[in-house]
Each structure stands twice: as structure tokens, then as C-alpha cells.
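Below is one structure, written out as C-alpha cells; the observations come after it.
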Amino acid sequence: MQSQNPPKFELYVFDWDGTVMDTTTLIARGIQEAAKSLGCKEPDLKDCKAAIGLGWDEILRRVVPDCPESQWNDFAQAYRDWYIRREEEVPVVEGLRELMTAMKEKGLRLAVATGKSRQGLNRVFGLTGLAPLFEDTVTADETFSKPNPAMLHELSDRTGVPCENMVMIGDSVHDLMLAQNAGAAAVGVSYGGCSKEELDKYPNIGIAADTEELAKILGLEDLLVR
């Protein structure tokens, strides 16, 4: 029997890397490989993972500080050369495709706020076929990087949903900080870049270890495929 409770939120906003696709380790390794190819000090894998979700410039400032700005374009190209040919092997997080599809079929509204570029998001949309599930998307090269609240403010302007009626779902502290700065609710997922302990330092309505826990935190357990 399906729950008769109304949806908790008007708009469900998903981060992408580490939240929808299990790309966290691959991205972090790509940053390491690009650093090595340019003769920079190889950053720590954990530091690379923690920076995912920020804009590209901020990632380089944080984890590859010895890479001069004049080489940032070369770094980005070296990263793409290593990463893109491996990206198609990365799966969507188990059960999430089915949950989001059921949400869409129920009439719930979904969006994406990601540290990816527009080109990068379009590429993974092509790989996964998930684009039709989302009514709107915003990427890091189109506005201010997380945790600046601009991504959610822009989604609010375009969808007509106040930020306080949204929930931001992400694997990074940057996602939870984004939600906090915009006045939105937040749910963390601990299977990506940050641990439950790291995520719990920021306001949230729950931390999910998997898709089943995520559905329960969102009050959508009736949509889970049994």
C-alpha cells in the first residue's frame, strides 16, 4: 500500500559526481595523473576527493597549488585526456536510476546542481540517458561554484520553487554548505567523497549510506522497487 503522505519537498536537487554516478575515485585519480604529467607534486587522493564539487579553478588552487595559472588549461586538458576514456565504465549508483525514475513518474520535480561543466554534464547525460528525468540543471561553469548559494538561487528563479522548499542531495560537504547558504534542506550520501562524520558537521535531515536509506530519509520508501 502506497503512502498517502504528501511529498516533503517541491524540488529535489541532485549533485552528480559521487551522488548519481560513482565517479569520485576516478576523478580524484585523474587529478593526480594530470598533476604528474605536468611535473607538479602529486596531491593526496583524499584531498582530491574532498575538493570534488568545487569549480575547476578552486580545485587547482586547493590541491595542486604548485600548478601556475598559466598552465591551468594544460592541466584541464591532461585531466580530460586521462578521465574521459574511462568515464563510460562508471555506473550510476545502484538503485538510484530506478528511484529517480519512480519519482519522475509520481510527478515529483527533479533538478541537478553540479560542479561539472555543461559539456561534462551533457556527456554523462549521453552515457546514462538520465537527462529526461530532470526539469532543470545548473553547472559550475555557468554560475558561482559551490558552496556559493547561486546554483540554488538560479534554480529557484527558473522553477518558481523557493529555496526553503528544496532539498539538496549530495556526497560532499560543499553540497551541504550550498544548501545551508541558500536556506534549503540537505541530505548527505556517505558513499561518495565524504564520510558520514564529515557530512554530519553541517545541517542535514539525514545521511544515507545507500539508495534505500536515501529514499527513507526523503519519505519516498514506497517508491523503492521490491
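General observations
- Solvent-accessible area assigned to carbon and sulfur over region 91-192 amounts to 49 percent, based on a 1.4 Å probe.
- Lys, Arg +1 and Asp, Glu -1 on Cβ, resulting dipole of the chain about Cα centre, debye, nearest 20: 120
- 3J(HN,Hα) along region 126-133, derived from phi through the Karplus expression 6.51 cos²θ - 1.76 cosθ + 1.60 where θ = phi - 60°, amounts to x, 6, 9, x, 8, 3, x, 6 Hz, with x in place of Gly and Pro.
- Measure of compaction for region 163-226 (Cα Rg per 2.2 N^0.38 Å): 1.06
- Descending semi-axes in whole angstrom, ellipsoid equivalent of the chain, from the Cα gyration tensor: 30, 18, 16
- Listed residue pairs exceeding 21 Å between alpha carbons, taken from Lys146/Lys201; Lys8/Lys49; Lys8/Lys196; Lys46/Lys196; Lys116/Lys216: Lys8/Lys49; Lys8/Lys196; Lys116/Lys216
- Counted over the chain, the DSSP beta bridges are approximately 5% antiparallel.
- Measure of compaction for region 1-104 (Cα Rg per 2.2 N^0.38 Å): 1.37
- Most to least packed among 158-164, 27-33 [average Cβ atoms within 10 Å]: 27-33, 158-164
- Hydrodynamic radius of region 46-85 per Kirkwood, over alpha carbon pairs, in Å: 10.6
- Rounded to the nearest 10 degrees, the inclination of helix 24-37 to the longest alpha-carbon principal axis of the chain is 10 degrees.
The values are calculated or read from the model by the stated rules, or taken from the named source; none is laboratory data. Just so it is clear, the structure is predicted and the values come from calculations on it, not from any experiment. All Cβ positions, glycine included, derive from the backbone under ideal geometry; neighbour counts span all protein chains shown. Only protein heavy atoms, including side chains, enter the accessible area calculation; ligands, DNA and RNA are left aside. Shrake-Rupley method; radii C 1.70, N 1.55, O 1.52, S 1.80 Å.
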